[in-house]
Structure formats: structure tokens, C-alpha cells
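The values are calculated or read from the model by the stated rules, or taken from the named source; none is laboratory data. No experiment lies behind these values; they were computed from the predicted model shown. Neighbour counts are summed over all protein chains in view; Cβ atoms, including those assigned to glycine, are modelled from backbone coordinates with ideal geometry.
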């Protein structure tokens, strides 16, 4: 009886471990928010406005579209301007569940390089995803974490 119990315990442990390292749930939308604290480019901890984040996984689980709420930019300095244009493309999801998406944000429709780039990196684990949002915007750069779930 002991060998059978040991084998069953082993199988259950493997199943739980596989679930913990699972990639994204195909076709699902994950919703969450960024942290209300972050680090500016000189590594000082600062308070920032929390933003909602939505991550839509493709039906085959190979790409993700990332959207951050509009309004005030996720900045590490003060501004009164609002983001009016955001451009992004679906990002590839690796076999381990990791991804890197880029969002170009502008205060108005214009040509040339975007003044704000949000680089969103993260890792899916079943019904949850977490990661970092890195803001690239000259003296207003910094980073914060985010988490979301189905």
C-alpha cells in the first residue's frame, strides 16, 4: 500500500508544479493595476498614480496585447498634460510564459519619436500575470510593478 501512496503523492506533486509554471490561458483577458510606488531613474522610491492594465492573450496563446489606462502618464515627475495617443503591437509570449511589450504614448497626434515609451515585461502563470512597467521619458523615467488576473 505504501508504494501506491508514494506514487500518487508524486503524481499530484508533479501536477501542482506544472500548474504553477503554466503559461497564459489562451484567449483570456487579464485585468489589474500598477503599483502606487515606483523607482525613478536615480533609484529613489516615489509615489505614482496607479494605472489599470489589461492584457489580452491571443486564442493560440502565442501573443499578448497590452493596454494601460489613458489619462496622466505613468511619470516620475510632475506634468499637467494628458496622454491622447497610444500605439502598441501584440507581443510574443515565450514558451515559459514571459513577454515584453512596448507602448508608444504621445500628448497629441504628431510625427517623429514618441516622447514616452512604456516597456511592459512580465510572466504569465496560469490565471495570474505580474511584471514591471518601465517608463522611458528623459528626466521623467522610472519603473513600477504590476499584477493582473483573469
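Per this entry, residue 95 is not counted among residues that are surrounded by 14 or more Cβ atoms within 10 Å (Cβ to Cβ) and touching a residue at least 60 places away in the same chain (Cβ under 8 Å).
All told, residue 110 falls short of being over 11 Å from the mean Cα position of the chain (by Cα), within 22 Å of residue 61 (Cβ to Cβ) and not in a strand (DSSP E or B). Return yes or no: is residue 148 in contact with a strand residue (DSSP E or B) (Cβ under 9 Å, 6 or more places away or on another chain) and either free of Cβ contacts under 8 Å to residues at least 60 places away in the same chain or not in a strand (DSSP E or B) (or both)? When the stated conditions are applied, residue 148 does not pass them.
Considering only the range 64-84, I want to know if a residue exists there that is at pLDDT 95 or above, loosely packed, with under 15 Cβ neighbours inside 10 Å and not in a loop (DSSP other than H, G, I, E, B). Checking the range 64-84: not a single residue is at pLDDT 95 or above, loosely packed, with under 15 Cβ neighbours inside 10 Å and not in a loop (DSSP other than H, G, I, E, B).
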